[in-house]
Amino acid sequence: QRLIQIGDRLERWDGLDVYIDVLAGQGALPGEIAYIHGKSLLRQQRYQDAVDVLEEVKRSSSMYHKSMYLLAVSYLQMGKYSKSEGLFKTLVDDSTAYRDDSTVRDLAAMNRGRILLEMGDVTKSTDAYQHISRNSTLFEEALYEITWTYVRNADSASDHLLRRKEYEKA
């Protein structure tokens, strides 16, 4: 784990795969190692490798939910928007208690809203932002993004009344 952290800090990962392969040769990587390795692979822009590592994290691992978040980010970076959005939705809907659960849920909701907007589903996009708690550090950013979602929707409306209604919502 420490070698991966050092490699990330120095942005030098040469030779690191040898050590990971030794650990992987003893069975599945422990969840904590798989999580930090997947995170490192994301930094290296090795998205498919990150997917391969993160998909192996067991639900029983304390790092499962954070690993699923990184998996969703990996899919997003690969342009697999539907898969990414589905994972973010699963994280938002999962009520399991774990370390940093509210932060992971809020980040997942933000990313889901952004993806849905890019996919053209404005209604679902604004609904996705509603899962962010008023106490969240992301709440103001979510409000800002919802506002611009309505503005974007208004700008694309051909009907004058619909345009006005969307601007009023914004």
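For segment 2-72, state which GluC sites (Glu not before Pro) are in a DSSP loop and have at most 10 other beta carbons lying within 10 Å of their beta carbon.
Passing both the DSSP loop test and the Cβ count: Glu11.
Expressed as a whole number of Å, what is the distance separating the alpha-carbon centroids of segment 9-37 and segment 74-131?
If you average the Cα positions of each part, the centres end up 28 Å apart.
Which whole-number value in Å² is the accessible area per residue of the chain, probe 1.4 Å?
On the way: 10230 Å² over 170 residues.
Result: 60 Å² per residue.
In a Gaussian network model over the chain where Cα atoms closer than 10 Å are linked, find which of Ala142, Ala72, Ala24 has the largest mean-square fluctuation.
Ala24
Please work out, to two decimal places, the log10 of the ratio I(q)/I(0) at q = 0.10, 0.17, 0.18 Å⁻¹ from a Debye calculation in which every Cα of segment 1-110 carries one identical scatterer.
-0.28, -0.80, -0.88
Taking a threshold of 19 Å on the Cα-Cα distance, which of the pairs Lys58/Lys80; Lys89/Lys165; Lys83/Lys169; Lys66/Lys124; Lys89/Lys124 fall above it?
The answer is Lys58/Lys80; Lys89/Lys165; Lys83/Lys169; Lys66/Lys124.
All other residues with a Cβ under 11 Å from the Cβ of Met110 taken together, and with Lys, Arg as +1 and Asp, Glu as -1, what is their net charge?
Working: positive: Arg105, Arg112, Arg114; negative: Asp106, Glu141, Glu145.
Here the count lands on 0.
About its Cα centre, what dipole magnitude does the chain give when the only charges are +1 on Lys and Arg Cβ and -1 on Asp and Glu Cβ, stated in debye to the nearest 20?
On the way: 23 positive and 26 negative charges, 41 e Å.
The calculated dipole for the chain is roughly 200 debye.
Quantify, in whole percent, the carbon and sulfur part of the accessible surface of segment 1-91 (1.4 Å probe; protein heavy atoms only).
So the carbon and sulfur contribution to the accessible surface is 51 percent.
The values are calculated or read from the model by the stated rules, or taken from the named source; none is laboratory data. Everything numeric in this text was worked out from a predicted model, so none of it was measured. So basically every Cβ, Gly included, is an ideal-geometry build from the backbone, and we count neighbours across all protein chains shown. Heads up: the accessible areas ignore ligands, DNA and RNA and are worked out on the full protein's heavy atoms, side chains in. Shrake-Rupley method; radii C 1.70, N 1.55, O 1.52, S 1.80 Å.
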